[in-house]
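Below is one structure, written out as structure tokens, with a few remarks after it.
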Amino acid sequence: MLPLDDPLWEELTHAHGSAAEIPRLLQQVTESPGPKVSYRDEPWFTLWSSLCHHGEANEVSFVAVPHLVAALEGALHEERGPVAWDFFQLPASIEIARARGRGELPEECALDYTRALDRLPALAISLHQPWEHEGAQAVCATLAAVRGEIDLAEAILELGRDATDRFLRREGLR
């Protein structure tokens with residue numbers, strides 16, 4: 001895992017240019033892993049915009065995922081309360097981008113990336129917080145993506161509350 005203070009971050013790029021600010025943003029989610037109030041809440045808004053912009057991943061996306069998983073592990077180990085569902089949804093979205101050919105996983109970070117993804121199912125099981133719609137959606141999509149069920153993962157991420165309600169009504173289940 002690339003240390004957050006490594007100068008290599010300044011050489012990496014993302015959707016908007018230099019990735020030099022990504023270590024600071026990753027440190028912020030490590031220090032404040034709690035749930036967001038709005039999709040525009042920082043540092044998640046900038047992380048999403050930089051690491052999975054319009055469903056595309058880049059080299060720094062794959063370098064950042066192990067840090068996101070480590071931050072999640074730390075928050076759960078320290079029992080710091082509820083965590084942001086983005087810890088699951090962002091890696092799932094990056095994995096979907098990779099599987100769809102919208103981001104190439106560099107060989108030099110492949111092992112750290114895949115090991116981080118492999119830890120997410122156990123972390124999901126260890127969560128002690130309410131799983132409202134968004135949480136269940138993020139975790140289920142992550143489980144599907146990590147196990148290679150990319151179509152299912154992508155479909156789950158599209159099933160917001162309204163889409164789920166429409167589906168249930170159409171099928172006569174509600």
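Going through the range 26-64 one residue at a time, which ones are closer than 24 Å to HIS133 by Cβ, hydrophobic (A, V, I, L, M, F, W, C) and buried (at least 21 other Cβ atoms within 10 Å of the Cβ)?
VAL29, TRP44, LEU47, LEU51, CYS52
Sort out for me the helices (runs of 4 or more DSSP H) sitting completely within the range 87-174 that have 3 or more residues that are without any contact (Cβ under 8 Å) to a residue 60 or more places away in the chain and farther than 24 Å from ALA70 by Cβ.
Correct list: 150-158, 161-170.
From THR13, THR46, which residue is touching a residue at least 40 places away in the same chain (Cβ under 8 Å) and among the hydroxyl-bearing types (Ser, Thr, Tyr)?
After ruling out the rest, the residue left standing is THR13.
Restricting the search to the range 26-56, which residues are of a type in the set (S, T, N, Q) and over 20 Å from TRP9 (Cα atoms)?
If the condition is that a residue be of a type in the set (S, T, N, Q) and over 20 Å from TRP9 (Cα atoms), then SER32, SER38 are the ones that fit.
Which of the following residues is buried (at least 18 other Cβ atoms within 10 Å of the Cβ), modelled with pLDDT of 95 or more and not hydrophobic (A, V, I, L, M, F, W, C): ASP86, ASP151?
Answer to the check: ASP86.
With the requirement that a residue be aliphatic (A, V, I, L, M) and part of a loop (DSSP other than H, G, I, E, B), what does the range 32-66 give you?
VAL37, ALA57 - these are the residues of the range 32-66 that are aliphatic (A, V, I, L, M) and part of a loop (DSSP other than H, G, I, E, B).
The values are calculated or read from the model by the stated rules, or taken from the named source; none is laboratory data. Source: prediction; values computed, not measured. Ideal geometry is used to build each Cβ from the backbone, glycine not excepted, and the neighbour counts take in all protein chains shown.
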